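Engineer: Questions regarding the structure given below will be posed in turn.
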Amino acid sequence: MKEFNYLRADTLSEALEMLEEFQGNVKVLAAGTDLVVRLKGDMVKEENILDISRIKELKGIFTENGIIHILPLTTHTEILEYPDMKTAAQILYDACKSVGSPQIRNRGTLGGNVANASPAGDTIPALFVQEAKLKLKSKSGERVISVEDFFTGPGRTVLKPDELLVDIYFPAMSDDEVGFFKKLGQRNALAISVVSVAAKLKKSTEPNKFDKAFVAFGSVAPTVIRGNRVENALMDSVVDSREKIRYIAQLAWREVSPISDVRASLKYRQDMSINLLYEGLLELYKNGWNRRS
Amino acid sequence: MKEIEISLTVNNKPYKLSVPANITLLDVLREKLKLTGTKEGCGKGECGACTVMFNGRSANSCLILAPQADGAEVITIEGLGNLENMHPIQEAFVEEGAIQCGFCTPGMEMSSFYLLTKNPNPTEEEIREGISGNLCRCTGYMKIIKAIEKASQKLNEKH
């Protein structure tokens with residue numbers, strides 16, 4: 001493994017202090033399920049590694065006025081074990097379940113998955129459709145941005161060198177909201193996604209109609225993306241047949257701009273974006289647009 | 001490289017060590033403590049051969065930097081049981097012939113241990129999910145699944 005200067009912050013203010021001091025020449029270490037692999041592969045240019053994994057202020061889950069806050073060092077397993085997460089944040093719950101393996105979910109954190117900014121990060125499409133906000137903090141202040149505005153490219157974010165992700169929050173799902181997260185990998189466990197799709201629909205009072213629709217795709221563009229055409233079609237239509245769902249799902253073809261790589265070809269990713277969306281919508285439709293029990 | 005002082009508990013024994021920051025918990029276990037039951041397979045968290053219990057949960061020791069293990073409680077395969085006093089999981093693996101080359105076995109048993117701690121009566125599906133982070137290239141998994149079912153019965157009878 002490459003040599004580096006190991007720094008450890010035990011409190012948030014210590015971490016922010018060190019981020020300011022080392023201005024950019026520092027890489028933040030949460031659990032390390034991704035970063036340690038990259039350190040072994042000599043893929044980290046920063047000379048200082050700042051271990052934040054012990055900061056208690058950045059761990060935990062709480063709900064306040066219908067808003068679920070998941071602090072960034074909360075692990076995927078802790079999210080899955082949290083009471084009511086399955087109903088209040090079903091889409092993120094399903095995404096967390098699909099991450100890595102038990103061992104990876106026990107260590108890997110939500111904040112790590114977000115800040116890593118992989119276009120294939122499983123929790124990111126889920127956070128997009130759950131309308132998550134991120135709080136970024138530095139010594140000089142803090143700001144809140146929508147999760148969609150956080151990513152600028154593969155592994156790249158708007159995080160400034162002295163800023164740290166300190167909170168991830170989103171509204172708990174209400175009874176009239178349904179959704180899904182679907183991932184296609186090359187196998188079930190420990191597979192980086194080939195394509196992933198997340199969706200959340202707010203039902204209208206009229207049957208088969210939706211007041212709001214959120215759809216996001218992973219692994220099909222430099223960052224996770226929203227599918228605006230699909231969302232508009234879902235809000236403009238009476239979605240009351242298999243054929244209509246197929247038509248809407250096919251609009252995904254125009255949203256995605258995938259590449260061919262070791263995991264899949266461009267064409268396969270395009271086709272699978274459509275198929276995953278179709279499958280997810282069809283399952284909900286067959287269940288009367290109700291949540292599966 | 002500058003060494004860092006760490007204290008940790010491994011198999012209920014406390015240790016104080018001086019380690020460089022750029023080695024992993026797996027290196028500490030194998031090279032410093034000579035606990036070579038824990039194996040290194042891929043070194044990337046994909047094969048599970050290095051699985052240990054870390055603060056009560058299963059983890060890939062190849063992905064934990066040594067300084068991150070400061071203050072941690074670790075259980076390795078050596079802490080599960082030994083020849084004289086085998087753990088029911090180890091007994092079941094032997095009895096069911098769930099071992100061929102044996103390289104995945106320590107990690108597989110640690111994942112089984114975590115699974116059975118959380119879920120004493122897993123279904124076959126839950127067992128498959130429980131060992132989904134562990135690769136075995138010999139057995140085809142069926143005998144391992146049978147062994148975990150048997151271990152679950154043994155543990156339930158004990159209680």
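Engineer: For the condition more than 20 Å from residue A:122 (Cα to Cα), in contact with an Asp or Glu (Cβ under 9 Å, 6 or more places away or on another chain), touching a residue at least 40 places away in the same chain (Cβ under 8 Å) and buried (at least 22 other Cβ atoms within 10 Å of the Cβ), what is the one hit in A:230, A:239, A:220, A:224? If you could, list the steps in order and put the result at the bottom.
Structural biologist: Values: A:239 fails: in contact with an Asp or Glu (Cβ under 9 Å, 6 or more places away or on another chain); A:220 fails: more than 20 Å from residue A:122 (Cα to Cα); A:224 fails: more than 20 Å from residue A:122 (Cα to Cα).
None of the others qualify; the one that does is A:230.
Engineer: Can you pull out every residue in region A:27-71 that is within 14 Å of another protein chain (Cβ to nearest Cβ) and of a type in the set (Val, Ile, Thr)? Full working, then the answer.
Structural biologist: The initial filter retains those residues of region A:27-71 that are within 14 Å of another protein chain (Cβ to nearest Cβ), namely A:27-44, A:46-56, A:59.
Hits for region A:27-71 are A:28, A:33, A:36, A:37, A:44, A:49, A:52, A:55.
Engineer: If you don't mind, there's one more thing I want to ask. When both residues are 6+ apart or on different chains and their Cβ atoms are under 8 Å apart, which pairs have a first residue that lies in region B:112-126 and is free of Cβ contacts under 8 Å to residues at least 24 places away in the same chain, and a second that is among the small types (Gly, Ala, Ser) and in a helix (DSSP H, G or I)?
Structural biologist: Here the result reads B:119/B:130, each pair linking region B:112-126 to a residue that is among the small types (Gly, Ala, Ser) and in a helix (DSSP H, G or I).
Engineer: Follow-up. For region A:115-148, name all the residues that are charged (D, E, K, R) and closer than 22 Å to residue A:180 by Cα. Outline the logic, then answer.
Structural biologist: Our first condition is that a residue be charged (D, E, K, R); within region A:115-148, this holds for A:122, A:131, A:133, A:135, A:137, A:139, A:142-143, A:148.
Once the filter is applied, which keeps residues that are charged (D, E, K, R) and closer than 22 Å to residue A:180 by Cα, region A:115-148 yields A:122, A:131, A:133, A:148.
Engineer: Next question. Residues being without any contact (Cβ under 8 Å) to a residue 24 or more places away in the chain and out of contact with any Ser or Thr (no Cβ under 7 Å at 6 or more places or on another chain): count how many of those fall in region A:254-293. Lay out the reasoning, then the answer.
Structural biologist: Our first condition is that a residue be without any contact (Cβ under 8 Å) to a residue 24 or more places away in the chain; within region A:254-293, this holds for A:259-262, A:265-267, A:271, A:286-288, A:292-293.
Now restrict to residues that are out of contact with any Ser or Thr (no Cβ under 7 Å at 6 or more places or on another chain): A:259-262, A:265, A:267, A:271, A:286-288, A:292-293.
So the answer is 12.
Engineer: Any chance you could count how many residues in region B:119-144 are under 15 Å from the mean Cα position of the chain (by Cα) and surrounded by fewer than 15 Cβ atoms within 10 Å (Cβ to Cβ)? Quick ask: steps written out before the conclusion?
Structural biologist: Filtering region B:119-144 for residues under 15 Å from the mean Cα position of the chain (by Cα) gives B:130-136, B:144.
Now drop any that are not surrounded by fewer than 15 Cβ atoms within 10 Å (Cβ to Cβ), which leaves none.
Counting residues in region B:119-144 that are under 15 Å from the mean Cα position of the chain (by Cα) and surrounded by fewer than 15 Cβ atoms within 10 Å (Cβ to Cβ) gives 0.
Engineer: Looking at B:134, B:156, B:121, can you tell me which residue is in a loop (DSSP other than H, G, I, E, B) and more than 12 Å from chain A (Cβ to nearest Cβ)?
Structural biologist: On the way: B:134 fails: more than 12 Å from chain A (Cβ to nearest Cβ); B:156 fails: in a loop (DSSP other than H, G, I, E, B).
Sole residue among the options that is in a loop (DSSP other than H, G, I, E, B) and more than 12 Å from chain A (Cβ to nearest Cβ): B:121.
Engineer: Is there a residue being acidic (Asp, Glu) and either closer than 22 Å to residue A:89 by Cβ or within 19 Å of the chain's Cα centre (by Cα) (or both) anywhere in region A:236-254? Walk me through it before giving the result.
Structural biologist: First, pick out the residues of region A:236-254 that are acidic (Asp, Glu): A:236, A:240, A:243.
Now restrict to residues that are either closer than 22 Å to residue A:89 by Cβ or within 19 Å of the chain's Cα centre (by Cα) (or both): none.
No, region A:236-254 has no match at all.
Engineer: Right, something else. Taking the options A:201, A:164, name whichever one is buried (at least 22 other Cβ atoms within 10 Å of the Cβ), over 16 Å from the mean Cα position of the chain (by Cα) and under 30 Å from residue A:52 (Cα atoms).
Structural biologist: None of the other options fit; the residue is A:164.
Engineer: Taking region B:59-83, which residues are in contact (Cβ under 8 Å) with a residue 60 or more places away in the chain and facing another protein chain (nearest Cβ under 8 Å)? If you could, list the steps in order and put the result at the bottom.
Structural biologist: Kept after step one, since they are in contact (Cβ under 8 Å) with a residue 60 or more places away in the chain, are these residues of region B:59-83: B:60, B:66-67, B:69-76, B:78-79.
Answer for region B:59-83, where residues must be in contact (Cβ under 8 Å) with a residue 60 or more places away in the chain and facing another protein chain (nearest Cβ under 8 Å): B:60, B:67.
Engineer: Report yes if some residue within region A:16-25 is within 14 Å of another protein chain (Cβ to nearest Cβ) and in contact with a Ser or Thr (Cβ under 9 Å, 6 or more places away or on another chain); otherwise report no. So that I can check it myself, show each step before the final result.
Structural biologist: Pass one, region A:16-25, residues within 14 Å of another protein chain (Cβ to nearest Cβ): none.
Taking every residue of region A:16-25 in turn, none turns out to be within 14 Å of another protein chain (Cβ to nearest Cβ) and in contact with a Ser or Thr (Cβ under 9 Å, 6 or more places away or on another chain).
Engineer: Right, residue B:113: more than 8 Å from chain A (Cβ to nearest Cβ), part of a helix (DSSP H, G or I), farther than 17 Å from residue B:142 by Cα and not acidic (Asp, Glu) or not? Outline the logic, then answer.
Structural biologist: Working: more than 8 Å from chain A (Cβ to nearest Cβ): yes; part of a helix (DSSP H, G or I): yes; farther than 17 Å from residue B:142 by Cα: yes; not acidic (Asp, Glu): yes.
Yes: the conditions hold for residue B:113.
Engineer: Related question: Could you tell me which residue of region A:257-275 is nearest to residue A:199 (Cα to Cα), considering only residues that are surrounded by 21 or more Cβ atoms within 10 Å (Cβ to Cβ) and not small (Gly, Ala, Ser)?
Structural biologist: Top of the filtered list is A:274.
Engineer: A follow-up question, please. Please count how many residues of region A:135-175 are more than 29 Å from residue A:259 (Cβ to Cβ) and among the small types (Gly, Ala, Ser).
Structural biologist: Going through region A:135-175 one residue at a time, the tally reaches 5.
Engineer: Which residues, counting only those in region A:186-213, are touching a residue at least 12 places away in the same chain (Cβ under 8 Å) and within 14 Å of chain B (Cβ to nearest Cβ)?
Structural biologist: If the condition is that a residue be touching a residue at least 12 places away in the same chain (Cβ under 8 Å) and within 14 Å of chain B (Cβ to nearest Cβ), then A:186, A:189, A:190, A:192 are the ones that fit.
Engineer: Look at residue B:148 and say whether it is under 18 Å from the mean Cα position of the chain (by Cα) and more than 12 Å from chain A (Cβ to nearest Cβ). Give the steps one after another, and end with the answer.
Structural biologist: On the way: under 18 Å from the mean Cα position of the chain (by Cα): yes; more than 12 Å from chain A (Cβ to nearest Cβ): yes.
Judged against the criteria, residue B:148 is a match.
Engineer: Go through A:246, A:254 for me and flag whichever is more than 19 Å from residue A:153 (Cα to Cα) and in contact with a Lys or Arg (Cβ under 9 Å, 6 or more places away or on another chain). Walk me through how you get there before you give the answer.
Structural biologist: Values: A:246 fails: in contact with a Lys or Arg (Cβ under 9 Å, 6 or more places away or on another chain).
Every option except A:254 fails the conditions.
Engineer: What's the number of the condition residue A:28 fails, among (1) over 30 Å from residue A:290 (Cβ atoms); (2) of a type in the set (Val, Ile, Thr); (3) free of Cβ contacts under 8 Å to residues at least 60 places away in the same chain?
Structural biologist: Residue A:28 satisfies all of (1) over 30 Å from residue A:290 (Cβ atoms); (2) of a type in the set (Val, Ile, Thr); (3) free of Cβ contacts under 8 Å to residues at least 60 places away in the same chain except (3).
Engineer: Ok, one more. Please list, ordered by residue number, the strands (runs of 3 or more DSSP E) wholly in region B:1-89 having 2 or more residues that are among the hydrophobic types (A, V, I, L, M, F, W, C) and surrounded by fewer than 17 Cβ atoms within 10 Å (Cβ to Cβ).
Structural biologist: Working: elements: B:3-10, B:13-20, B:51-54, B:57-60, B:73-75.
Result: empty, no element qualifies.
Bear in mind these aren't lab numbers, they're just calculated from the coordinates by the rules spelled out. Nothing here was measured: the structure is a model prediction, and the numbers come from that model. Glycine gets a Cβ as well: all are built from the backbone with ideal geometry, and neighbour counts include every protein chain shown.
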